[in-house]
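Peer 1: One structure coming up, written as structure tokens, with questions to follow.
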Amino acid sequence: MKILIIRLSSIGDIVSASPLIRCLRKKYPLAQIDFIIKKQYSDILLKNPYISNLILFDGNVSKFNRIIRTQKYDVIIDIHRNFKSFLLALFSGAKILKYKNSSIKRFLLVEWGINLYTKKEKEVSVSRRYLNTLKSLGISDDGEGLDFFVKEDLRKGFEELLKGDYVGICPVSAWKTKRWLSDNYVDLSKRIIKEYGYSILVFGGKEDHNYCENIKRQIGNKAINYSGFPLQETASAIRRCKFLVSNDTGIMHIAEALRIPVVAIFGPTVKEFGFYPQLKSSKVISREYVCKPCSTKGSERCPTGSFFCMKAISIEEVFSNCASCL
């Protein structure tokens, strides 16, 4: 049997697809299971043992549609579910299973404040929603959580490099309204250093380097800026942390996949979207306001200009949740 999974981006979504990959492999141990992904996210699945071939998508839809058609897949699992993924699978001749993404419910909740999510649906994570795509194949959740596989040489190298006790912070997000205040991260880090003596690792992407460097500089010499590293290196460093304090970001999901507890700070996004942490040891800090959610992914500025959803979350509250992770 030949199976293709389509999920081109982004970090959190791809990490959330890891239970689907694992459960699929358990059901079909001898199948060819391929995954198509944008090259910049390939580190996430680079060492995943359940994947036969990782196909690196360069944006050329017609070229990759030809590649997919020549492979003659029996089943294509489209968990990206957009026009581009539709075109990639077009005329493939495969049975196509599509993720039910609840886009109408999301739209009504964001634009009109109409919440049609049931209490049960609200509790279902995106990883579980992806797995529901496989119901017709007789596949269900094995309850083993998210996966992220790190290169063995990197794992050993970072164990030697980062000796001691560390706490991670991820003060960034692609969208500014999803960022807890940078000064709060600085003050929180200083308190963690004072109370526990731990060093601080600051995580982010390449585009976040200067932002993270400024936070690191304000924290002092017990902080190290790990922003901009490839995801395999980032994951190797996260493994050395006691816990991670993070905004709603992909790095948060990597920590969860590595079984590192997370203190997650959620501003404009809500549980209904399915991206809350799943580990029992993780904590979520969020405030309920009538203006939430103001978007599905965050935005450049608060629509009301108040930024209450983040400003209302105190350093003391976050610190007390950090203590419960130890």
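The values are calculated or read from the model by the stated rules, or taken from the named source; none is laboratory data. Since the model is a prediction, treat every value here as computed from it, not as a measurement. With ideal geometry, Cβ positions are generated from the backbone for all residues, glycine too; neighbour counts draw on all protein chains shown.
Peer 1: Which ones in the range 267-326 are among the β-branched types (V, I, T) and modelled with pLDDT under 90?
Peer 2: Across the range 267-326, the qualifying residue is only T296.
Peer 1: Given F319, F243, F266, F307, which one is closer than 20 Å to E121 by Cα and assigned by TED's automatic domain parsing to the domain that holds T177?
Peer 2: Only one candidate qualifies: F266.
Peer 1: What number of residues within the range 38-58 satisfy the criterion of being aromatic (F, W, Y) and closer than 22 Å to E256 by Cβ?
Peer 2: 2
Peer 1: The conditions are (1) touching a Pro at 6+ places or on another chain (Cβ under 9 Å); (2) closer than 18 Å to V150 by Cα, and R25 fails exactly one of them. Which is it?
Peer 2: Result: R25 passes all but (2).
Peer 1: For the list (1) at pLDDT 95 or above; (2) loosely packed, with under 15 Cβ neighbours inside 10 Å; (3) within 30 Å of Y41 (Cβ to Cβ), I need the number of the one condition that L161 fails.
Peer 2: That leaves (1) as the condition not met.
Peer 1: Let me ask something else. Working only within the range 232-256, note down all residues that are of a type in the set (A, V, I, L, M, F, W, C), surrounded by 23 or more Cβ atoms within 10 Å (Cβ to Cβ) and part of a helix (DSSP H, G or I). Quick ask: steps written out before the conclusion?
Peer 2: Of the residues in the range 232-256, the ones of a type in the set (A, V, I, L, M, F, W, C) are 235, 237-238, 241, 243-245, 251-252, 254-255.
If we keep only those that are surrounded by 23 or more Cβ atoms within 10 Å (Cβ to Cβ) too, we end up with 235, 238, 241, 243-245, 251-252, 254-255.
Result: A235, I238, I251, M252, I254, A255.
Peer 1: For D165, state whether it is in contact (Cβ under 8 Å) with a residue 40 or more places away in the chain and touching a helix residue (DSSP H, G or I) at 6+ places or on another chain (Cβ under 6 Å). Can you show your working first?
Peer 2: Values: in contact (Cβ under 8 Å) with a residue 40 or more places away in the chain: yes; touching a helix residue (DSSP H, G or I) at 6+ places or on another chain (Cβ under 6 Å): no.
For D165, the condition - in contact (Cβ under 8 Å) with a residue 40 or more places away in the chain and touching a helix residue (DSSP H, G or I) at 6+ places or on another chain (Cβ under 6 Å) - is not met.
Peer 1: Same structure, new question: Do any strands (runs of 3 or more DSSP E) entirely within the range 1-106 hold 2 or more residues that are surrounded by 13 or more Cβ atoms within 10 Å (Cβ to Cβ) and within 17 Å of the chain's Cα centre (by Cα), and if so, which?
Peer 2: Here the list reads 32-38.
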